[in-house]
């Protein structure tokens, strides 16, 4: 009896649906509220993005507040539009220009930069006390936090260097996602841990990791080596973002296990850039440092 009742019910629903069918379909000319997308008049910021990022690098920059692009329920501040152009100029001059100079054109970055750069005003704070300063999403998008903290003043050089470190870190991810670094790199250290945030960077260096975050896994270790060599690292001897050579003094010095381990990782990074990308890493580093110093006011 249940089967017969179900068949009768289905027939009734089909008849009802057929009776409600309209002979003509009238398309909407106005999107339903909230589904039409955001529109705004193009201003100087949008023009700068088009001319400086989209045309030469094929990169779209998202600075309007798009919460769906971020990790929620984290409390993240929207970017201040007044900081967008200054931050992009810093990236162009201090992070991008050295690559262009070393490779001879914008072609390398145009090919490998993620096609979307998303900007957030503040950092993302995790429950374990760690802070997200940037993310690279599978080679397609890069998210840059702390836009509202940008400053090119010499007095704020630690904050500026932290931003450059973040950009080199995330671009390092993009590179190894395209061509993986040698598998042997993963065997240089054995102390990777999910509890890296309980280790200070100076203590990590004594264990053969250039920063504490490098202890979280081989991928992070590899890109922390890249970014620390190009832009310096946190909590160096001065307490700030010190140059790579200064960071090595916290390993125990030449001949110590920490120093020997980090130098072995350095050799792999330098070889990887030369062999895979035909880039002289030490020459690139010199250009990055010069660009950084010259850009400060």
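Throughout, read-outs are computed from the coordinates displayed, never taken from laboratory work. The model shown is predicted, which means the values in this text are computed figures rather than measured ones. Here the Cβ is made from the backbone with ideal geometry for all residues, glycine too, and neighbour counts use every protein chain on show.
Some values worked out for this structure:
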quantity	calculated
Coarse-grained scattering of the stretch 44-295 at q = 0.12, 0.14, 0.16 Å⁻¹, given as base-10 log I(q)/I(0) from a Debye sum over alpha-carbon atoms	-0.68, -0.94, -1.26
Residue exposure sequence - 49, 262 - by fewest surrounding Cβ within 10 Å	49, 262
Additional length obtainable on full extension of the chain from residue 275 to residue 47, 0.36 nm per residue less Cα span	78.3 nm
All Cα pairs of the stretch 160-202, percent lying beyond 12 Å	74
Rounded to 5, the percent of DSSP beta bridges in the stretch 44-295 classed as antiparallel	50
Relative exposure of 176, 50, 169, judged by other C-beta atoms within 10 Å (fewest first)	50, 176, 169
Rounded, prolate or oblate (a/c below 1.5 giving rounded, otherwise prolate when a/b exceeds b/c) for the stretch 150-297 by Cα gyration tensor	oblate
Likely footprinting exposure, 163, 249, fewest C-beta neighbours within 10 Å first	249, 163
